[in-house]
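Take a look at the structure below.
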Amino acid sequence: MSAESKKLPMAGDLHETECCTVKEVTAAYADPGDANWVKGEFETAIGPVHRIATTLDRQDLTGSVKARWGVGRMNYSVAPGLYAVGNPNHLSAVLVSANYKLSFDYLRRELDGLDLWILVLDTQGINVWCAAGKGSFGTAELIRMVHQSRLGELISHRTLVLPQLAAPGVSAHQVRKEIGYKVVYGPVRAADIPAFLNTGNKADRTMRHPSFNLFDRLTLTPIELAALFKPVLLLTVFLFLLNLLSQLLSGGNFIPTLLLEQTFSDLAPFIISALIGTILVPALLPYIPGRALAWKGWVLGIAWALIYTTIIAAPAGWLQTTAYFLTLPVIPAFLGMNYTGSTTYTSLSGVVKEMNYALPLIIISASLGLTALIGTYFI
Amino acid sequence: MMKFRYLKNVVTLRLDQSKCNGCGMCTEVCPQQVYTIKDKMSHITDRDACLECSACARNCPQQAIYVRQGVGCAYAVLMDKLNIKGKCCGDACGCSLDNIPEH
């Protein structure tokens, strides 16, 4: 991308000081800078529009991996505005997208060989579904962007294809009433878009239902694992201090290697508990009995406490057994409860109800369990 | 196609059939296939599958549907209860309960 185009104002950010001819020509112009996914410019009646690549390169892939692990995830966005795929004309379809880079990548890699327009809204770098729920992928933003991009001068039809999961934020009849555009909700998955467009904008039942298979359920696991780092570190310090104090009080010889060894072996059952909560609960979600997610986590946690106290740490004393039965299951229970935010099917009313039951029980169980655990070091 | 269902009888979804004209928009936008059109009228046939996303209510031209819109995320509810704003989780979610526009 040339340095010249970088100076051009971004759609949605026109400065009063800019010369009016620049304003005129670049109203539709998104400014992605020298982004790797821009493949030249496409000349239109209202000025050049960036043409985007329909394949992902190495930079896109490393970016995705980083975003999945939570590195710079909140800043992973695309400049809002109008883009071209292939050589679109006045009859070409218009797809509307969020400006979260991962959503954008998922969309464009499915569009190889197609000629169409893409209107990227400013959803503050947030994905379609969450942005729609939050309102940033909404009726007002859609109307604003249609005006700003001067899309109406490029197309002779008045149809916008939106991802179905944008429907919580956009009111189709209101858009029609206000600017005369027809909103058509396309498929949930970008992969179904070519089929949708080929059949005259028809989506069947499976295209309208977000899949939540094993892979989908584990998509957010890396983020959850990364979030465990701090609590695990805290627990390690806590267990180290308990072991240290216990050794000092017992008046025995102070052996640093033994102290570390003991700390990590004490830590292990809790790590396993956390992994059960972040990996096994999502993986086995449909197969664990019950509906509340905290319950599902607790069920697996109880199974783990049983295995740990009767087989791995056997023979465990009564206090130790009590401590493990009270502490180990609440970890996957809490993580299971938090997993509600990653699912495609939990309602706010349900989550509030679940939390009203689960949270007090988790707190009581964890407090009693920790007290018992501390006791095991001194009795 | 596997369909998950959360807790029974909790959602705030209401359909006023006297206003419904059977246009079928709710069946189109619902990601959980809660509705069925029968005899030119919409029926809630799988209520417990509803996730209160409010796509149906927002896109019903007859305003025949009511649901309290919300994101079913325990972390967001927890942060809201603790009065911690702006912290969130999920797939670049950024959802915060107080940011959800009133329907």
Selection count where residues are modelled with pLDDT of 95 or more and more than 19 Å from residue A:231 (Cα to Cα), scope the range A:322-348: 2
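Could you list, in sequence order, the residues of the range A:112-149 that are basic (Lys, Arg) and either surrounded by fewer than 19 Cβ atoms within 10 Å (Cβ to Cβ) or modelled with pLDDT of 95 or more (or both)? I'd like the intermediate steps shown before the answer.
Of all residues in the range A:112-149, those basic (Lys, Arg) come to A:134, A:144.
If the condition is that a residue be basic (Lys, Arg) and either surrounded by fewer than 19 Cβ atoms within 10 Å (Cβ to Cβ) or modelled with pLDDT of 95 or more (or both), then A:144 is the only one that fits.
So that you can scan it fast, the table gives a plain yes or no per residue for (1) surrounded by 22 or more Cβ atoms within 10 Å (Cβ to Cβ); (2) part of a helix (DSSP H, G or I); (3) touching a residue at least 60 places away in the same chain (Cβ under 8 Å):
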| position | (1), (2), (3) |
| --- | --- |
| A:157 | no, no, yes |
| A:165 | yes, yes, no |
| A:168 | yes, no, no |
| A:173 | no, yes, no |
| A:177 | no, yes, no |
| A:194 | no, yes, yes |
| A:197 | no, yes, yes |
| A:204 | no, no, no |
With the first residue restricted to the range A:114-142 and required to be at the interface with another protein chain (Cβ under 8 Å from one of its Cβ atoms), and the second required to be assigned to a strand (DSSP E or B) and at pLDDT below 95, Cβ contacts under 7 Å at 6 or more apart or on different chains are A:125/A:77; A:125/A:100; A:126/A:100; A:127/A:100
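Please specify each residue of the range A:278-297 satisfying the condition of being without any contact (Cβ under 8 Å) to a residue 60 or more places away in the chain and in contact with a helix residue (DSSP H, G or I) (Cβ under 8 Å, 6 or more places away or on another chain). Let's see the steps before the verdict.
Quick first cut of the range A:278-297, residues without any contact (Cβ under 8 Å) to a residue 60 or more places away in the chain only: A:278, A:280-281, A:284, A:286-291, A:296-297.
Residues satisfying the conditions are A:278, A:280, A:281, A:284, A:288, A:289, A:290, A:296, A:297.
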I'd like the residue in the range B:31-49 that is part of a helix (DSSP H, G or I) and not aliphatic (A, V, I, L, M) and, out of all such residues, is farthest from residue B:4 (Cα to Cα). B:47
Selection count, the range A:300-356, where residues are within 14 Å of chain B (Cβ to nearest Cβ) and not in a helix (DSSP H, G or I): 5
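Return the total of residues in the range A:218-265 being of a type in the set (Asp, Glu) and in contact with a helix residue (DSSP H, G or I) (Cβ under 7 Å, 6 or more places away or on another chain). Steps first, please.
So in the range A:218-265, the residues of a type in the set (Asp, Glu) come out as A:224, A:261.
When the remaining residues are screened for being in contact with a helix residue (DSSP H, G or I) (Cβ under 7 Å, 6 or more places away or on another chain), the result is A:224.
Here the count works out to 1.
Quick test for you: out of A:77, A:149, pick the one residue that is among the polar types (S, T, N, Q), in contact with an Asp or Glu (Cβ under 9 Å, 6 or more places away or on another chain) and touching a residue at least 40 places away in the same chain (Cβ under 8 Å). Talk me through it step by step, then tell me what you get.
Details: A:149 fails: in contact with an Asp or Glu (Cβ under 9 Å, 6 or more places away or on another chain).
Exactly one residue qualifies, and that residue is A:77.
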For the range A:214-231, indicate whether the set of residues that are basic (Lys, Arg) and in contact (Cβ under 8 Å) with a residue 12 or more places away in the chain is non-empty. yes
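For the range A:217-258, which positions are hydroxyl-bearing (Ser, Thr, Tyr) and either in contact with a His (Cβ under 7 Å, 6 or more places away or on another chain) or not in a helix (DSSP H, G or I) (or both)?
Passing the criteria: only A:219.
Residues B:44, B:84: which one is at pLDDT below 85, more than 10 Å from chain A (Cβ to nearest Cβ) and over 10 Å from the mean Cα position of the chain (by Cα)? Full working, then the answer.
Numbers: B:44 fails: at pLDDT below 85.
Sole residue among the options that is at pLDDT below 85, more than 10 Å from chain A (Cβ to nearest Cβ) and over 10 Å from the mean Cα position of the chain (by Cα): B:84.
Of all residues in the range B:50-68, which are among the hydroxyl-bearing types (Ser, Thr, Tyr) and either surrounded by fewer than 24 Cβ atoms within 10 Å (Cβ to Cβ) or part of a strand (DSSP E or B) (or both)?
Matches in the range B:50-68: B:66 only.
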Where a residue in the range A:362-379 is closer than 14 Å to residue A:334 by Cα and its partner, wherever it lies, is aliphatic (A, V, I, L, M) and part of a helix (DSSP H, G or I), with Cβ under 6 Å and at least six apart: A:362/A:330; A:362/A:333; A:365/A:326; A:365/A:330; A:366/A:330
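Is it the case that residue B:15 is at pLDDT 95 or above and not charged (D, E, K, R)?
Numbers: at pLDDT 95 or above: yes; not charged (D, E, K, R): yes.
So residue B:15 fits the description; yes.
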What number of residues within the range A:102-122 satisfy the criterion of being under 20 Å from residue A:167 (Cα atoms), in contact with a strand residue (DSSP E or B) (Cβ under 8 Å, 6 or more places away or on another chain), part of a helix (DSSP H, G or I) and not small (Gly, Ala, Ser)? 2
Please state which of the following conditions residue A:35 fails to meet, knowing it meets all the rest: (1) at pLDDT 80 or above; (2) outside any loop (DSSP other than H, G, I, E, B). (2)
Just one of the numbered conditions (1) within 27 Å of the chain's Cα centre (by Cα); (2) surrounded by fewer than 23 Cβ atoms within 10 Å (Cβ to Cβ) is not true of residue A:341; which one? (2)
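Can you pull out the residues in the range B:4-20 that are of a type outside the set (S, T, N, Q) and in a loop (DSSP other than H, G, I, E, B)?
Hits for the range B:4-20 are B:4, B:5, B:6, B:7, B:8, B:10, B:11, B:13, B:16, B:19, B:20.
The values are calculated or read from the model by the stated rules, or taken from the named source; none is laboratory data. Computed from a prediction, not measured in an experiment: that's the story for all the values here. Every residue, glycine as well, gets a Cβ built from its backbone with ideal geometry; the counts of neighbours run over all protein chains shown.
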